[in-house]
Amino acid sequence: MYLEKINLPEDVKKLNIGEMKKLAEEMRKALLFRLSKHGGHFGPNFGMVEATIAMHYVFKSPIDKIVYDVSHQTYPHKMLTGRKDGYLYEEHFDDISGYSNPEESEHDFFTVGHTSTSVSLACGLAKARDLKGESGNIIAVIGDGSLSGGEALEGLDFAGEMNTNLIVVINDNDMSIAENHGGMYKNLKLLRDTDGKAECNIFKSMGLDYVFVKDGNDLEQLIDAFKSVKDSERPIAVHIVTQKGKGYKPAEEHKENWHWCMPFDPETGKSIFDFNGENFDSLTRDYLLKKMAADKSVCAITSATPTVFGFTEDVRKQAGKQFMDVGIAEEHAVALASGIATNGGKPFYGVYSTFIQRTYDQLSQDVCINNSPVTIAVFAASIKGMSDITHLGIFDIPMLSNIPNLVYLAPTTKQEYLAMLDWAMEQKEHPVAIRVPSECIDGKPAPTDYSELNKYEVTQQGKDIAVIALGSFYRLGEQAAAAIEQKIGVKPTLINPRFITGIDEELLENMKADHKVVITLEDGILDGGFGEKISRFYGSSDVKTLNFGLKKEFLDRYNVEDILKENHLTPEQIAEDAAALI
């Protein structure tokens, strides 16, 4: 094997073309081995094997610095920079993350998991190099899908004026996560169709020089192109056309499905997990399709992740013009929703918690100042959501709940979720966000009107101790209440607050008469969160408060049960802490 002998990029330089082609075959086999057992980003990495080999053959990493956008294309890079064991041997899978990581290797410069950042980061590296009078190439690698993000365009705009060495490699596989959307992709297609010769050229218009590689999976073409731009004294774009999922037929034929994968059978391509059963993706999809059919002013918006609310390719076709994919452009999605709502439409925007972070200014300025009645569903907002350091879903409560005018709701069951969703879509008074629960739990019929804001539901009346359990942690609240009763012999009050953005002052005031301790539970970080609002209310009284949630930290590839125990988020620990205050 060639891959087994690659310990550093210098080892790639010793190979001839024939040997590098064999290395590419071995790398794809290693990718298939790891991904079929471990899961991860599939298609982007399969398409970037030859380009990665060629870059390390021509350039000298880490003196020449390669910055990968969103890290979806970094697995081949990791193989060639001392981390091949993480792809060859199952016992080493967890030695490496799914993203670029400076703690793993001197060949990585940033931990990157959100998209459209590589050009800006590379511009910074280039500027620092020039300020220090150093040399070396700076290479930014960015996928065509990531170009739809505003930061990518800002970076390219700045790069065009740098007048120094900066190489931007555009990996164009004619796909984002799903299909590309946006006017610039007409120009990319024109460039592909004309072998890069079209007079209309978005990269040249930004001030960059331009090189086109017709077959970005051909080593000879890639090596020639990279040699031609090495040590360039001008910013230059190298536009390579690759095949997403290359080398694995199911991924070549079904690019969207194979952008990312769970463990699967490599012979059949079928997942080893059973995804049948009801979930919030399918519930949201079915609700929206029915709503769209009945009301043509209803529309659904995604920022390149349509399946977050169940809109697979066939569903998108069914929805037609009532569905919009804005590309990887969360800021535009939120401002677009505000415009639609202001002009009488009923916009729904479905987004992962980790990506709603990118929209703070638009939420505040474009939506909430204008009190636009948009509806936002926030998915994977939980310690049980995605666990990579770049994709955590535990920071949305402090961010969203402190923007004036926004109503942030926390359903506990599918019935509450659907009721809140329909209320949000029909009301005209508030911007509404809904924190989608981490588990699709069946429950009792839910109220259909939430216009009386910040009214909590008392689900169990007790005394001495009250447990206010928010959203996904309501089940934990039930368990904690039972544990408290068993421990001290007194039934506590249990409350489903439903509203994250405000407090039920009347209820909290009345509880002062017969409650000594109020406990809050929230599935997110405590600092600036829900529990602190309750504690602030009781600050001048004799009522003691205990806020249970997560401490403020960046977690990475964690075990959920371990994190819950570390934060005293088990029923037994909650009961013990509560009893100590009585």
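The values are calculated or read from the model by the stated rules, or taken from the named source; none is laboratory data. This structure is a prediction, so every number in the text was calculated from the model and none was measured. Glycine gets a Cβ as well: all are built from the backbone with ideal geometry, and neighbour counts include every protein chain shown.
Key figures for this structure:
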| item | result |
| --- | --- |
| Residue within the range 113-135 that is buried (at least 20 other Cβ atoms within 10 Å of the Cβ) and more than 28 Å from the chain's Cα centre (by Cα) present | no |
| Some residue of the range 170-188 being of a type in the set (D, E), out of contact with any strand residue (DSSP E or B) (no Cβ under 7 Å at 6 or more places or on another chain), surrounded by fewer than 18 Cβ atoms within 10 Å (Cβ to Cβ) and at pLDDT below 95 | yes |
| Selection count, the range 511-531, where residues are under 27 Å from the mean Cα position of the chain (by Cα) and crowded, with 19+ Cβ neighbours inside 10 Å | 9 |
| Residue in the range 487-502 that is touching a residue at least 12 places away in the same chain (Cβ under 8 Å), assigned to a strand (DSSP E or B) and touching a Lys or Arg at 6+ places or on another chain (Cβ under 6 Å) present | no |
| All positions within the range 271-328 that are among the acidic types (D, E) and either more than 27 Å from G40 (Cα to Cα) or without any contact (Cβ under 8 Å) to a residue 24 or more places away in the chain (or both) | D274, D286, D295, D314 |
| Output for the range 474-486, where each listed residue is in contact (Cβ under 8 Å) with a residue 60 or more places away in the chain and either of a type outside the set (D, E, K, R) or surrounded by 20 or more Cβ atoms within 10 Å (Cβ to Cβ) (or both) | Y474, L476, Q479, A480, A482, A483, I484, Q486 |
| Condition broken by I340, with the remaining ones in (1) at pLDDT 95 or above; (2) in contact with a Gly (Cβ under 9 Å, 6 or more places away or on another chain) satisfied | (2) |
| Some residue of the range 206-218 being surrounded by 20 or more Cβ atoms within 10 Å (Cβ to Cβ), assigned to a loop (DSSP other than H, G, I, E, B) and either acidic (D, E) or in contact (Cβ under 8 Å) with a residue 60 or more places away in the chain (or both) | yes |
| Close pairs (8 angstrom Cβ cut-off, 6 or more residues apart or separate chains): on the phi > 0 side of the Ramachandran plot and in contact (Cβ under 8 Å) with a residue 12 or more places away in the chain in the range 29-50, among the charged types (D, E, K, R) and in a helix (DSSP H, G or I) anywhere | G40/R34 |
| Of residues in the range 219-237 being of a type in the set (A, V, I, L, M) and touching a Leu at 6+ places or on another chain (Cβ under 9 Å), the one surrounded by the fewest Cβ atoms within 10 Å (Cβ to Cβ) | I236 |
